[in-house]
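Participant: The structure that follows is given in the form of structure tokens.
The values are calculated or read from the model by the stated rules, or taken from the named source; none is laboratory data. This one's a predicted model, so the numbers in the text were calculated from it and none came from an experiment. Counting neighbours? That spans all protein chains shown, and the Cβs are built from the backbone with ideal geometry, glycine included.
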Amino acid sequence: MKPPGPPPDDAVLRAAPVRAAVAEAARRGFSVRCRDLGDWGGRVRPCAELDPAARTIVLDARLLAAALARLGPARAQALAATAIRHELAHAADPHASEREIRAYLRAAAAGDPDGTVRAALVADGRT
Ligand SMILES: [Zn+2]
């Protein structure tokens, strides 16, 4: 069996599909990096952690390594970009439920055709 390769480092953040999400985070004042988020002891493993005070989003390097090995680079990069946008949505609305966050991301992915989400965020000064 081939030994596992090195975990992806911040190089994943420079991949084209991820760069846009990193740039979006930067516009909102957040830096993004990859680190091993440790062992979660059987609980659902998060893709990323948001630290609103430190203005950082940390992607789980271990999870990204697994995604890279099992799904390939394109899907691992899509996972990273989605995780960044998920955490940005949490930052924009700290009281939103996971369901609301997913709805926001679906609207954003669909270009938010009726502009409702964006209008609400702009009105609140969140963008
Ligand atoms: Zn969440």
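Participant: Give the residue, chosen from 71, 50, that is within 25 Å of residue 108 (Cα to Cα) and modelled with pLDDT under 90.
Facilitator: The unique qualifying residue is 71.
Participant: State yes or no: is residue 50 in contact with an Asp or Glu (Cβ under 6 Å, 6 or more places away or on another chain), surrounded by 14 or more Cβ atoms within 10 Å (Cβ to Cβ) and assigned to a strand (DSSP E or B)?
Facilitator: Against the criterion (in contact with an Asp or Glu (Cβ under 6 Å, 6 or more places away or on another chain), surrounded by 14 or more Cβ atoms within 10 Å (Cβ to Cβ) and assigned to a strand (DSSP E or B)), residue 50 qualifies.
Participant: Only one of these is more than 15 Å from the chain's Cα centre (by Cα) and part of a helix (DSSP H, G or I): 69, 80, 89, 76. Name it.
Facilitator: Values: 80 fails: more than 15 Å from the chain's Cα centre (by Cα); 89 fails: more than 15 Å from the chain's Cα centre (by Cα); 76 fails: more than 15 Å from the chain's Cα centre (by Cα).
Every option except 69 fails the conditions.
Participant: Working carefully through the options 55, 33, find the one that is at positive phi, within 15 Å of the chain's Cα centre (by Cα) and at pLDDT 80 or above.
Facilitator: On inspection, the qualifying residue turns out to be 55.
Participant: From the residues in region 92-110 that are assigned to a helix (DSSP H, G or I) and away from the ligand (no atom under 11 Å from the Cβ), which one is farthest from residue 24 (Cα to Cα)?
Facilitator: Ranking the qualifying residues of region 92-110, first place goes to 103.
Participant: Evaluate the following for residue 38: is it more than 16 Å from the ligand (Cβ to nearest atom), at pLDDT 85 or above and assigned to a loop (DSSP other than H, G, I, E, B)?
Facilitator: No.
Participant: Let me ask something else about it. Applying the selection to region 72-95, what residues are under 19 Å from residue 14 (Cβ atoms), aliphatic (A, V, I, L, M) and touching a helix residue (DSSP H, G or I) at 6+ places or on another chain (Cβ under 8 Å)?
Facilitator: 74, 76, 78, 79, 80, 81, 84, 88
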